[in-house]
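Here the structure is laid out as structure tokens; the discussion comes afterwards.
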Amino acid sequence: MLKDIIHHYDRLAPERDYYRLKNLYYYELLFKEYRYFVPKGKSVLEVGCSTGDLLDALAPKVGVGIDVSPATIKIAAAKYPQYQFFSGTIQDFKSEEKFDYIILSGLLGELEDIQQFFKDLKQFCHSHTRIIIEYYSVVWQYFLKLGEMSHAKIPQRIQNWVAYHDVCNFFTLTGYEPIKTERSILFPKKVLALSYILNRFVAKMPIFNALTLNHFVIARPIFNDVKDYDVTVLVPCRNEKGNIEQAVTRLPDFGRSVEIIFVEGGSSDGTYEEVERVIKAYPGKDIKLFRQTGKGKGDAVRVGFGQAQGEVLMILDADLTVAPEDMPKFYEAIRDRRGEFINGCRLVYPMEKEAMRFLNLLANKFFGVFFSWLLGQRFKDTLCGTKVLFKSHYNEIVANRSYFGDFDPFGDFDLIFGAVKLNLKVIELPIRYKERLYGTTNIQRFRQGFILLQMCAFAMKKIKFR
């Protein structure tokens with residue numbers, strides 16, 4: 001079977017560029033999807049790389065392509081000498097490199113043993129590797145065959161028509177975990193404005209989304225490499241004088257070490273002076289204090305995380321409506337690789353009666369449902385202030401912040417959107433939401449609710465209808 005596939009694609013190698021130019025609009029859409037998933041400057045391995053056009057479109061720092069067709073690889077090496085190309089299967093490939101991204105574009109349909117392939121692939125993964133799998137929907141099976149018969153597309157040797165649940169089953173068998181799915185391209189030919197409307201808007205809507213041609217699954221490998229980390233707990237505080245000492249004394253010891261950073265935001269009740277007092281009162285604890293020059297929690301988060309020394313970054317709101325005693329649960333979830341972005345969820349357990357006003361509760365539930373659809377990952381409570389991630393991932397969010405811009409006064413959505421854009425595994429951790437015991441809320445629900453609606457529209461443009 002492998003010999004037949006090699007012969008088939010060796011024979012078609014000289015025609016690859018012809019078919020690509022013939023379907024240029026389709027490939028432009030497809031490559032745009034991949035560029036959204038894969039940041040520039042990463043190490044990328046593409047298995048089934050053909051003549052290397054997709055690999056080059058991703059602008060990798062290290063680019064490696066593998067294909068079973070020697071004739072195809074010869075063309076790829078001539079076109080893109082800055083990358084490395086190898087002829088053979090994944091079993092033939094030898095390298096000490098661990099790649100940030102591994103691309104499998106249309107490959108699963110032509111593999112004789114998918115399970116063994118995923119086993120062999122794992123040696124080229126590190127704990128933060130992302131595998132991007134793209135395959136044709138079975139709905140398009142006969143349309144694609146018709147396209148081949150009419151010489152509208154390159155003939156392929158597809159033998160496996162896999163679906164999402166098939167892919168997930170192979171993951172379970174071989175030690176991978178799906179993170180999110182995407183579906184795109186409803187109309188692969190360019191027909192004036194019709195193609196634009198169908199592919200950018202209609203294809204993203206329920207029902208129509210299931211009819212798209214290209215289905216993506218983004219996954220991560222599962223490794224049992226649990227270890228302890230240094231932790232930074234950031235406490236943004238404005239007019240929270242009565243909560244400062246409790247934030248320190250109620251926070252348990254966990255991880256290898258705990259650094260506590262207070263970022264004070266122009267209080268009128270002596271919060272800054274209270275933090276100074278607490279630092280002196282607890283010399284055995286690693287406590288730091290910064291005063292933000294900007295406004296809002298989002299600015300405080302950027303200031304605090306910019307100064308953080310820990311490998312794991314946490315946010316603990318100074319109102320203590322999320323109990324400091326719960327922070328070890330968040331640490332265990334990220335340490336044990338249950339997720340890479342741990343988001344608190346206040347909407348599972350019963351709340352204390354004054355913890356959240358009724359209209360705020362309704363708004364939280366609405367935004368949870370909306371953002372789950374928008375982001376392609378489940379979010380029951382987007383507005384819980386407690387969020388945990390690795391510092392290395394936060395630094396990547398900062399490096400790629402230009403995609404979204406400086407748009408978020410709260411800090412929650414800057415992190416959420418950034419985490420989703422980086423394909424991080426999101427897990428929600430249910431907590432019991434407490435009533436505030438000191439001070440009053442800084443939330444102005446109607447004004448900030450309007451800002452949230454604006455951010456929804458912004459995110460629809462940058463994420464869903466990109």
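The values are calculated or read from the model by the stated rules, or taken from the named source; none is laboratory data. The model shown is predicted, which means the values in this text are computed figures rather than measured ones. We place every Cβ from the backbone using ideal geometry, glycine too, and count neighbours over all the protein chains shown.
Just a few scattered comments:
- Highlighted here are the strands (runs of 3 or more DSSP E) found entirely within the stretch 3-88 that include at least 3 residues which are of a type in the set (V, I, T) and in contact (Cβ under 8 Å) with a residue 12 or more places away in the chain: 62-67.
- G242 part of a loop (DSSP other than H, G, I, E, B) and not polar (S, T, N, Q): no
- Considering residues of the stretch 366-421 that are β-branched (V, I, T) and surrounded by 19 or more Cβ atoms within 10 Å (Cβ to Cβ) only, the residue modelled with the lowest pLDDT: T382
- Tally, over the stretch 182-232, of residues that are among the aliphatic types (A, V, I, L, M) and exposed (fewer than 15 other Cβ atoms within 10 Å of the Cβ): 10
- Here is the figure for the stretch 144-163: residues that are more than 17 Å from D113 (Cα to Cα), without any contact (Cβ under 8 Å) to a residue 60 or more places away in the chain and surrounded by 15 or more Cβ atoms within 10 Å (Cβ to Cβ) total 3.
- Some residue of the stretch 336-344 being at pLDDT below 70, part of a loop (DSSP other than H, G, I, E, B) and of a type in the set (D, E): no
- Matching residues, the stretch 118-138, being more than 30 Å from E396 (Cα to Cα) and either of a type in the set (S, T, Y) or surrounded by 14 or more Cβ atoms within 10 Å (Cβ to Cβ) (or both): Y136, S137
- Residues in the stretch 216-249 that are without any contact (Cβ under 8 Å) to a residue 40 or more places away in the chain and within 19 Å of G310 (Cβ to Cβ): 1 in all.
- Within the stretch 173-226, if we keep just the residues that are of a type in the set (S, T, N, Q) and in contact with a strand residue (DSSP E or B) (Cβ under 8 Å, 6 or more places away or on another chain), the residue that is nearest to Y19 (Cα to Cα) turns out to be N214.
- Wholly within the stretch 250-326, strands (runs of 3 or more DSSP E) carrying at least 1 residues that are out of contact with any Ser or Thr (no Cβ under 8 Å at 6 or more places or on another chain) and farther than 25 Å from G405 by Cα: 257-264, 286-291
- Scanning the stretch 258-271 for residues that are out of contact with any helix residue (DSSP H, G or I) (no Cβ under 8 Å at 6 or more places or on another chain) and at pLDDT below 95 yields G266, S268.
- Subset tally (residues that are among the polar types (S, T, N, Q) and within 19 Å of the chain's Cα centre (by Cα)) for the stretch 170-184: 2
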